Amino acid sequence: MLQTRRLLSRLRDMMALGFSMIGSGNGADGVPLGELAALVATEMVAEVCTIYAMRPGDLLELTATHGLNPEAVGRTRLRVGEGIVGIVAATATVQNLPDAQNHPAFAYRPETGEAPFASLLAVPVRRGGRILGVIAVQNRAPRRYLDDEVELLETVAMLLAEVLAAAGATDGAEQGLGATMPRQFQATPFAPGIAIGPVVLHGAGTPLRRLLADDPVQEAARLDLAIASMRQTLDDLIETKLPAGDGPREVLEATRLVAGDGGWMRRVREAVAGGLTAEAAVHRVANDIRDRMRRIADPYLRERLADMEDLAGRLLAALDGDDVVPAIPLGAILIARRLGPAQLLEWHARGIGGVAIEEGSSAGHAAILARALGLPALGGVRGLLAAVEDGDVAVLDADEGQLILRPDSEVRTAYGRALEMRLQLETGFAAQRHLPAQTLDGLSLSLMLNVGLVREVEHLDTTGAAGIGLFRTEIAMLARGEIADVPEQAALYARVLDAAGDRPVRFRTLDLGGDKLLPDAPRQEEENPAMGWRSLRVGLDRPALMRRQLRALLLAAQGRTLSVMFPMVATVAEFRAARDLLLAEAERVRPAPERLLIGSMIEIPALLWQLPALMAEADFVSIGSNDLMQFLFAADRGTPGLAGRYDLLSPPVLDALDHICTAAAAAEVEVSVCGEHAGRPLEAMVLAALGITTLSMPAASLLRLKAAFASVHLAELRAVLAAVRRNSAGQASLRAPLLSWAREHGHLV
Ligand code: PEP
Ligand code: MG
């Protein structure tokens, strides 16, 4: 603690004089940054301390050093991701290595003269979720730095962040820190649409103004007041400001639990006792927890990380005396490293026009919610936070999977026009609501909705959908944080059936596991959770759980038609076992449904070789193309880097779909597609051309798709498809010729 206070108070004196960004020179205004490096090295008993600052083009430049060759200052540059320092910047994690030189990622730069130093501790310098640089210390003797030393360097990094940010803001032009050039990012579309607006950063909070408290006792009292106020705000939010529905309440109850957790609050208090301001203490502890959690693959723990970040933001707002949520420009584009569903709901209520997430996957909860809200969203936007500046404007084009930061005026105008057109078209689409879904040559389609939250059922009316082709029952449970009991589940399903009226609803039984975990679910290490103990496998191994859900569904139906389908069926025997559980429950529940339809999803490739047997027993089948694609190509659907690598419009998938259609036609069983592909115009047209005319999709896609179908002559597409497939041997995708046909004919794709 003493060491921390002494170092920090000397740094505070230096800050008062201001820093010059010139590493070790003299004559410039302010204290050379090299002196900061020297001070840190001395206090930490390190032989080397170096500071790297982020430069345009994702380059880290050696900006100041104590202990390495001063000639290297301004010359040595590393790409983000290159060498240990580059890894720290790319991953925003601390690296504490006793033998850095033999680390596989070590990038040797002879001009620095760092060969003799074995141990290395490198810490990211970040502010508002962006990486501004890296600070590192080195020693000759191999050693792992102690936790206290790591914390000390992290505290210095917080201060350095203010120095680097100020340099960027004041003399950025000369220093090259200011970023004014447009930048484009390729990303994964999470929810379609276009948005243009100023950016707002999730979790950016207020900049750190004071690092060291004048009086730790007074500061501790200030912290206690803020904690009490934060808890009160959270209680108020839960009691008074929640939108309708149980889901958001349950999610926020989980956040309230984390707020009551003594562990991280105790660490914040300790940091304040050590001399930091309450704000600095929250930043430091939050950064530290973030780093630890980032190394954890467990999706549940990672979601708790989002809760933690949310709370740290709330606590900082309370310390600022600011419990009113500040207004944001309407239509702003939210930029986040990660985002939980509750946070997205809150931002949506504040009026954002779109969201771009650095991490996350299109099958994750934020993405599913964005689609439900009709909010344009992109994911996997690597490097965005590091590039974005306060006051930037961005174009988010989730149709094309790209984000343009600081677009030049022509691009902005063009997008402005496109957006206007789209709005007009959408108003035009709204007129489509009451029109039948059919192609130009008169083929009728059944366009249905994929739904997870009860509130989404209202989209049946706003879109004129034919029904609900997929009700993901686990989403409602995930939003609650637990599986509701039978009466609660029955009430929920009954609300859905009431709202749907005579439109069909297909309830899918719980599809938990993989990335969809309930907080109290037994956790077991699985190397491949998507292929692990999940979904129907859990239901069949825990029949009591499954029977409770089936009973609730039967109770909800009360003399109406009940349509149930099972996810992740791998064998006909599994389908039978699940069906028998349903039939056994149906014997007991009165009044019985008027009709009971039992279907199977086709998501596991093994079913492709069991189709006649399956079709003989199922009333309908629905192709879950998200999982079917994942398993056909052994390509994790949640890995952003794999998105777009394999195509539904490829010979093997089209052959598989043909195979399913042929078996379904022979058995006179209805086949539909309810994966995300069904909501994409080109894919949907091709599916219809193959004979799949029941398509279930997110609400935001439905009217657009209806309009797209209205312009298509399906017989013509069938001929084009047949021709393209005849010449398709060995091709990875048939998208290009199909797309050019669609564009040539002016179809909306
Ligand atoms: C699918 O896998 O395509 C599907 C519809 O199910 P989910 O996305 O919920 O796994
Ligand atoms: Mg699935």
Item to complete: Would you point out which residue out of Thr91, Thr65 is crowded, with 18+ Cβ neighbours inside 10 Å and either in contact (Cβ under 8 Å) with a residue 40 or more places away in the chain or under 24 Å from Asp288 (Cα atoms) (or both)?
Response: Thr65
Discussion item. If I ask for residues that are away from ligand 1 (no atom under 14 Å from the Cβ), at pLDDT 95 or above and not basic (Lys, Arg), which ones from the stretch 503-539 would you list?
Written reply: Pro504, Val505
Practice prompt. Could you please find all residues in the stretch 442-461 being away from ligand 1 (no atom under 15 Å from the Cβ) and buried (at least 24 other Cβ atoms within 10 Å of the Cβ)?
Written response: Leu447
Fill in: Residues that are within 20 Å of Asp288 (Cβ to Cβ) and assigned to a loop (DSSP other than H, G, I, E, B), drawn from the stretch 113-142
Gly128, Gly129
Discussion item. Given the options Gly340, Gly351, Gly321, name the one that is at pLDDT below 85 and open to solvent by less than 20 Å² (accessible area, probe 1.4 Å).
Written reply: Gly340
Fill in: Hey, Gly360 in a loop (DSSP other than H, G, I, E, B), within 8 Å of the chain's Cα centre (by Cα) and at positive phi or not
yes
Worksheet item: For the stretch 552-653, list the helices (runs of 4 or more DSSP H) that sit wholly inside it and hold at least 2 residues that are open to solvent by 10 Å² or more (accessible area, probe 1.4 Å) and within 16 Å of ligand 2 (Cβ to nearest atom); which are they?
Response: 625-632
Fill in: Meets criteria (assigned by TED's automatic domain parsing to the domain that holds Gln558, open to solvent by less than 40 Å² (accessible area, probe 1.4 Å) and either over 30 Å from Arg337 (Cα atoms) or under 35 Å from the mean Cα position of the chain (by Cα) (or both)) for Ala656
yes
Item to complete: Determine which single condition Thr694 fails, assuming it passes every other condition in (1) more than 22 Å from Gln610 (Cβ to Cβ); (2) in contact (Cβ under 8 Å) with a residue 24 or more places away in the chain; (3) away from ligand 2 (no atom under 16 Å from the Cβ); (4) open to solvent by less than 50 Å² (accessible area, probe 1.4 Å).
Response: (1)
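Would you mind finding the one in Ala606, Ala634 that is over 14 Å from Pro652 (Cβ atoms), within 16 Å of ligand 1 (Cβ to nearest atom) and in the same structural domain as Pro651 (by TED's automatic domain parsing)?
None of the other options fit; the residue is Ala606.
Just checking, does the stretch 542-549 include any residue being within 16 Å of ligand 1 (Cβ to nearest atom), surrounded by 23 or more Cβ atoms within 10 Å (Cβ to Cβ) and in a strand (DSSP E or B)?
Of the residues in the stretch 542-549, the ones within 16 Å of ligand 1 (Cβ to nearest atom) are 549.
Subset that is surrounded by 23 or more Cβ atoms within 10 Å (Cβ to Cβ): 549.
Retained after the next criterion (residues that are in a strand (DSSP E or B)): none.
Looking for residues that are within 16 Å of ligand 1 (Cβ to nearest atom), surrounded by 23 or more Cβ atoms within 10 Å (Cβ to Cβ) and in a strand (DSSP E or B), one finds none in the stretch 542-549, hence no.
Step by step: first the residues of the stretch 427-463, then only those that are in a loop (DSSP other than H, G, I, E, B) and without any contact (Cβ under 8 Å) to a residue 40 or more places away in the chain, then the one that is nearest to ligand 2 (Cβ to nearest atom). Which residue is that?
Pro436
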Worksheet item: Can we say Arg506 is assigned to a strand (DSSP E or B) and open to solvent by 10 Å² or more (accessible area, probe 1.4 Å)?
Response: yes
Discussion item. Criterion first (open to solvent by 10 Å² or more (accessible area, probe 1.4 Å), modelled with pLDDT of 95 or more and assigned by TED's automatic domain parsing to the domain that holds Phe620) does Arg725 satisfy it?
Written reply: yes
Worksheet entry | Odd one out for Ala656, checked against (1) farther than 26 Å from Arg382 by Cβ; (2) within 16 Å of ligand 2 (Cβ to nearest atom); (3) at pLDDT below 95 | (3)
Discussion item. Regarding the stretch 664-673, can at least one residue be identified that is within 16 Å of ligand 2 (Cβ to nearest atom), within 25 Å of Ala187 (Cβ to Cβ) and at pLDDT below 95?
Written reply: no
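The values are calculated or read from the model by the stated rules, or taken from the named source; none is laboratory data. This one's a predicted model, so the numbers in the text were calculated from it and none came from an experiment. When we count neighbours, we look across all protein chains shown, and the Cβ atoms used for this are built from the backbone with ideal geometry, even at glycine. Surface areas here come from the heavy atoms of the whole protein model, side chains and all, with no ligands, DNA or RNA. Shrake-Rupley method; radii C 1.70, N 1.55, O 1.52, S 1.80 Å.
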